[in-house]
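The values are calculated or read from the model by the stated rules, or taken from the named source; none is laboratory data. Computed from a predicted structure; not experimentally measured. Backbone-built Cβ (ideal geometry, glycine too); neighbour counts: all protein chains shown.
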Amino acid sequence: MKLHELTIHEASDLLKKREISSQELTRAVLDRIESVEKKVDAYITIAGETAVKQAELADREISRGNISPLTGIPVSVKDLICTKGLRTTCASKILENFTPQYDAFVIKKLKKAGAVIVGKTNMDEFAMGSSTENSGMKTTRNPWDLTCIPGGSSGGSAAAVAADMCLGSLGSDTGGSIRQPASHCGVVGMKPTYGRVSRFGLVAFASSLDQIGPLAKDVLDCALLMNAIAGYDPADSTSVPEDVPDYTSFSNKGLSGMTIGIPKEYNETKGLDPEVSGAVKNAVKVIEDLGAKCVEITLPHTKYAVAAYYVIAPSEASSNLARYDGVKYGFRDKEKNSLIDMYRSTRTKGFGAEVQRRIILGTYSLSSGYYDAYYKKASQVRTLIMEDFKNAFKSCDLILSPVAPTPAFKIGEKIDDPLTMYLSDIFTLSANLAGIPGISVPCGFSSAGLPIGLQLIGRHFEEKKILTAAYNFEQATDFHKQKPEI
C-alpha cells in the first residue's frame, strides 16, 4: 500500500515503530495532492512548506518517544476554521485575503496532538450549500465521478479524504454538511453533539446549529479525530463541560442488546432514490445479523423540518454576516465614496448568489411584523422536533436512516433549483435542529458506482454508542475499503 493510502491508525503504527517518518508520509500526501488536485479541486490553500516543517517537528518528538495517535499525521481543515498565519477564506471573495491572527480551539488541539496540517479545503461559501458549487473559488469534483458533485458544504474535505489527499479532515455541519458529503464520497463523517466540540474560531453561519466534526477513511480514524478535538472550552459559551470518553474504546463484539429505530416518515419521503433505499435496507439486514433489534419509530414533525431549518439558519446567517461590511477586515470596494454605497457595493461584489439569497431570507424573517410569523414559529417547530427525538429514544438506542435521498448528482444539475437543493438535506438537518450527534458510514454503491451512506443518530453525548454501531457495521462490510480510480 502506498503511504498516502494509509489510514490514520495504520500510519500511526508505522510511525511508532519508526518504519516510516512523518516527513516521508507528509511528502507522499503532498505529492498525491500535486498529482490529482487539478482533477478534484479539493483545496483552496495548500500549506506545503509549513506542513514539512510541522512534520520535521513531529519526527523530533517521535524520536524522543513522544507520540500520540495523531503525531505526524497529515490532515486537512475546512476553510472556515481559523488557522493562525494560514489564509482562511470561507470560499468567499469577501474574505479572499484574510489571514487569522489566532488558531481555532480545534486547531490548537490538533497541533497539540502533533498533527500536520497540509491545507485548507474548498467548501460552499460560508458553508451555505449542499454541493460545493456555491464556492467563490472553484467547484470541487467527486473523486468517484469527476462529473458529479462531492456534496457540501464540506465537499473539499470529503473529496480530499476519499482521494487520499490527506489522511483525515475537519469539516463543519450545520444541516448535514459533514454527513452528506461523507455519504457522496464514500468516507466516514461525524457530526458531534452541539457543544461537544468548541466552535471558537469557527467562522459562524448559524450559531445554534454549527458544529465541527471529523471526516475520515474509517470509523476508528473518526474516533481518533474525535478524541483529539472534543472537550470543554471556556471561550465558547455553548461548549458543555462534559467529560470526554475514549471514543476508540468501543465494543467490537456485535450489537446484541441494541435496539435500532427506523423512522417510518423517512421511508415515505418523496424523491428517495430506489438504489439508496435498497442499500439502506441491506444495511438493516447486516445490523440485524450483528444482533441488533430493528423497530419502527415515528418522528411526526419531520415534514416541517426543512421549512423550519430554512427560516432559522438564514436568520442567524443574516445576523452573523452583518459584520462583513468592508470596514474592519476583508474585501472593500474602494471605488465608492459614500458609506452606504460602499456597504452595498462591498456586500454585492463580495458575497455570492446563494449567500445573498439566504441573507435576504433571514433578514425578511427577522424583520418587524414578520418575526412572530416566521422565526418564532420555526423555533416552536424546532422544539417539537426535539420532543420527537426524545420520545423516539424511549424505545430505541439509535436511529437509522439514509444520509441523502439520492447518490451524488451531476455538477450543474440542481444549481438553478435552490428548493430541490435544499431538500437534499432532508434526512440530516433534523439532527442539527435537535443538537444530537450523527454519523455517515459507507453502506453501498449505486449502479453508476457512486457511494451511498448510512446515517446513525443517537442521544446527546452518545457518540461512543454511534461509533460502536458504525464500527461493527463497517467490520461486517467492505465498502470503506474500496477506492475511487482517479
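Within region 33-65, the residues that satisfy the criterion of being without any contact (Cβ under 8 Å) to a residue 24 or more places away in the chain and part of a loop (DSSP other than H, G, I, E, B) are Arg64, Gly65.
Checked against (1) at pLDDT below 95; (2) more than 21 Å from Glu316 (Cα to Cα); (3) assigned to a helix (DSSP H, G or I); (4) not aromatic (Phe, Trp, Tyr), Leu419 passes all but a single condition, namely (2). Looking at Ser395, Ser368, just one residue is modelled with pLDDT under 95 and in a loop (DSSP other than H, G, I, E, B), and that residue is Ser368. For region 85-102, which positions are outside any loop (DSSP other than H, G, I, E, B) and more than 20 Å from Ser153 (Cα to Cα)? Of everything in region 85-102, just one residue is outside any loop (DSSP other than H, G, I, E, B) and more than 20 Å from Ser153 (Cα to Cα), namely Leu86.
Here Asp103 does not fit the description of being modelled with pLDDT of 95 or more, surrounded by 22 or more Cβ atoms within 10 Å (Cβ to Cβ), among the acidic types (Asp, Glu) and under 20 Å from Gly330 (Cβ atoms). Only one of the listed residues (Gly72, Gly85, Gly65) is surrounded by 24 or more Cβ atoms within 10 Å (Cβ to Cβ) and on the phi > 0 side of the Ramachandran plot. That residue is Gly72. When the test is whether a residue is within 16 Å of Val284 (Cα to Cα) and not in a helix (DSSP H, G or I), Ser440 passes it. Pull out all pairs, ordered by first then second residue, where Cβ-Cβ is under 6 Å, the residues are six or more apart or on different chains, the first lies in region 180-201 and is without any contact (Cβ under 8 Å) to a residue 12 or more places away in the chain, and the second is of a type outside the set (Gly, Ala, Ser). Correct list of pairs: empty, since none qualify. Restricting attention to region 213-233 and to residues that are under 13 Å from Ile73 (Cβ atoms) and not hydrophobic (A, V, I, L, M, F, W, C), the residue that is farthest from the chain's Cα centre (by Cα) turns out to be Asn227. Restricting Ile67, Ile94, Ile20, Ile33 to those that are among the β-branched types (Val, Ile, Thr), modelled with pLDDT of 95 or more and within 21 Å of the chain's Cα centre (by Cα) reduces the list to Ile33.
Within region 1-14, residues that are farther than 21 Å from Pro214 by Cα have Cβ atoms under 9 Å from residues that are of a type in the set (D, E, K, R) in these pairs: Met1/Glu10; Lys2/Arg32; Lys2/Asp164, counting only partners at least 6 apart in sequence or on another chain.
In region 73-90, the residue that is farthest from Asp333 (Cα to Cα) out of those that are free of Cβ contacts under 8 Å to residues at least 60 places away in the same chain and in contact with a strand residue (DSSP E or B) (Cβ under 7 Å, 6 or more places away or on another chain) is Thr83.
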